[in-house]
Amino acid sequence: MKIRVDRSKCISAADCIAVAPGTFELDEEGIAIIKDPHGDTDAIIEEAARSCPTLAIIIEDDNGNQIYPEPTSKPSNPGAASAKGIQTTQATKPV
Ligand code: SF4
């Protein structure tokens, strides 16, 4: 399972951190980042994604298929995500 945070959607509500404190934290800009992709169970991480009021947390399976939010349609242009300003956080702890 892969987790991403769309920084352009995050409003610093911190619901994700309340649900999955082992996985998410806020960075110095108050935007959610992934501090440990295995910090909570997959079920808890999915619950955290569902708790996000702006759908800023994106979950993909190991094959890169988006699980949440449920995709309504696939973008025809694979580069469309970056054109929309979607940024991802590193799924590793800073050293
Ligand atoms: S719940 Fe959503 S909006 Fe709130 S901090 Fe987490 S990612 Fe950002």
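Hey, what did the range 2-83 get for relative contact order, percent, Cα under 8 Å, at least 6 apart?
Reported as a whole number, the value is 31 percent.
Mind checking the alpha-carbon convex hull of the range 2-83 and giving the volume per residue in Å³?
Residue-normalised Cα hull volume stands at 94 Å³.
Which one of 72, 13, 55 has its Cα pushed farthest toward the positive end of the charge dipole of the range 2-83, where Lys and Arg give +1 and Asp and Glu give -1 at the Cβ?
So the residue we want is 72.
Which loop GluC sites (Glu not before Pro) in the range 1-59, with loop taken from DSSP, have no more than 11 other Cβ atoms within 10 angstrom of their Cβ?
When the GluC sites (Glu not before Pro) of the range 1-59 are filtered for loop state and at most 11 Cβ neighbours within 10 Å, 28, 29 remain.
Given the Cα-Cα distance of residue 68 and residue 25 and 0.36 nm per residue of separation, how much length would full extension add, in nm?
Working: separation 43, 0.36 × 43 = 15.48 nm, distance 1.95 nm.
The residue 68-residue 25 span can extend by a further 13.5 nm.
Please compute the net charge surrounding residue 50, taking Lys and Arg as +1 and Asp and Glu as -1 over other residues with Cβ under 12 Å from its Cβ.
With Lys, Arg at +1 and Asp, Glu at -1, the net is -4.
Each reported figure results from applying straightforward, stated rules to the coordinates on display, with no laboratory input. Quantities reported herein were computed from a predicted structural model and do not represent experimental measurements. Reconstructed Cβ throughout: ideal geometry from the backbone, glycine too, with neighbour counts over all protein chains shown.
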